[in-house]
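Participant: Take a look at the following structure, please.
The values are calculated or read from the model by the stated rules, or taken from the named source; none is laboratory data. Computed from a prediction, not measured in an experiment: that's the story for all the values here. Heads up, the Cβs are rebuilt from the backbone with ideal geometry, glycines too, and the neighbour counts pull from every protein chain shown. The accessibility values were calculated without ligands, DNA or RNA, using every heavy atom of the protein model including side chains. Shrake-Rupley method; radii C 1.70, N 1.55, O 1.52, S 1.80 Å.
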Amino acid sequence: MPPKPETLAAFEAAKGFMPLDEGLALHAAAEAAAAALAHPLLEVGTYCGRSTILLADAAREAGTTVVTVDHHRGSEEQQPGWEYHDPTVVDPDPGVARMDTLPTFRRTLYKAGLEEHVIAVVGRSPQVAAVWGTPLGLVFIDGGHTDEHATADYEGWAPHLAEGGLLVIHDVFADPADGGQAPYRVYRRALESGAFTEVSVTRSLHVLQRTGLGV
Ligand code: SAH
Ligand code: MG
């Protein structure tokens with residue numbers, strides 16, 4: 001089932017970097033994973049909650065929970081002076097003056113009526129992964145786009161995916177002219193590991209299923 005109209009309206013109104021067609025593919029994957037496996041769904045890269053809304057809608061329908069991880073200080077390309085910087089998500093305290101997407105995220109999720117279906121973890125993805133102990137039905141990688149970050153997200157979270165669970169990777173561009181290559185390299189690595197098979201592609205959003213053992 002597609003997201004509820006009020007969920008779609010909240011998604012369209014939310015700040016972020018998830019286009020509608022890829023968002024619908026993410027929602028479909030989340031629905032499938034949540035229905036098939038009674039495990040939570042995990043997102044790396046909350047930002048202001050735009051994609052979280054879609055995961056939370058699917059989790060609500062299936063009676064499961066979304067865990068979304070972000071340090072809320074922004075990726076490299078979102079810092080002041082960079083292409084994706086948004087000055088409205090900077091801490092107004094001059095003694096901090098760092099990016100802080102947490103207040104906007106909380107407002108967005110509240111307005112979408114989805115707060116109770118989401119656990120927000122504020123921290124660095126590899127640090128959170130290192131203390132994590134629950135099998136996951138879906139891992140959505142949409143955090144930092146450097147090789148260091150994308151690789152750490154894959155290495156940290158893929159081992160927590162349950163057998164049959166879905167690994168969703170955003171911003172996968174085979175052609176360097178279309179965007180950075182780190183998510184693409186992680187995507188290739190997942191396929192080459194033999195532990196995953198591809199189940200769908202919607203532009204830069206790839207959905208893989210954990211089928212083999214030994215990630
Ligand atoms: N999913 C969002 C977009 C995420 S943008 C949407 O749909 O709009 C990427 C986010 O990843 C940023 O908020 C940034 O703070 C976060 N991020 C980058 N590297 C990270 C890391 N190592 N640990 C946690 N969060 C990270
Ligand atoms: Mg993205």
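Participant: Quick check: net charge around PRO159, other residues with Cβ under 13 Å of its Cβ, Lys/Arg +1 and Asp/Glu -1?
Facilitator: Once all neighbours under 13 Å are counted, the net charge is -2.
Participant: A further question on this structure: Report the relative contact order of the stretch 5-205, percent, no decimals, based on alpha-carbon pairs under 8 angstrom and at least 6 residues apart.
Facilitator: After rounding, I find 22 percent.
Participant: Taking only the Cα atoms of the stretch 91-186, how large is their convex hull per residue, in Å³?
Facilitator: 154 Å³
Participant: Which of these, VAL122, VAL96, VAL44, has the largest mean-square fluctuation under a Gaussian network model of the chain (Cα springs below 10 Å)?
Facilitator: With Cα springs under 10 Å in the chain, the top fluctuation among VAL122, VAL96, VAL44 is at VAL96.
Participant: For the stretch 101-215, with every protein chain kept in place, what is the accessible area per residue (1.4 Å probe, Å²)?
Facilitator: Ligands and nucleic acids excluded, the figure is 47 Å² per residue.
Participant: For the stretch 1-41, with every protein chain kept in place, what is the accessible area per residue (1.4 Å probe, Å²)?
Facilitator: On a per-residue basis, the stretch 1-41 sits at 47 Å².
Participant: Another question, if that's okay. How far is the Cα center of the stretch 38-102 from the Cα center of the stretch 186-200, in Å?
Facilitator: 26 Å
Participant: Return the single residue from HIS27, HIS117, HIS85 with maximal mean-square fluctuation; model: Gaussian network over the chain, springs between Cα atoms under 10 Å.
Facilitator: Ranking HIS27, HIS117, HIS85 by mean-square fluctuation puts HIS85 first.
Participant: Over the stretch 76-142, how many percent of alpha carbon pairs lie in each 5 Å bin up to the one with the longest distance?
Facilitator: Here the calculated profile for the stretch 76-142 is 3, 12, 16, 20, 21, 17, 8, 2, 0.
Participant: Quick one: net charge around MET1, please, counting Lys, Arg +1 and Asp, Glu -1 for every other residue with C-beta under 15 Å from its C-beta.
Facilitator: -2
Participant: First obtain the Kirkwood hydrodynamic radius of the chain from its Cα pairs, then insert it into the Stokes-Einstein equation at 20 °C and 1.002 mPa s, and state the resulting D in µm² per second as a whole number.
Facilitator: Estimated via Stokes-Einstein, D reaches 125 µm²/s.
Participant: May I ask you to give the percent of accessible area on the stretch 5-205 that is carbon plus sulfur, with a probe radius of 1.4 Å?
Facilitator: 55 percent
Participant: How much of the DSSP bridge set in the chain is antiparallel, in percent, rounded to the nearest 5?
Facilitator: Antiparallel bridges: around 40 percent, rounded to the nearest 5.
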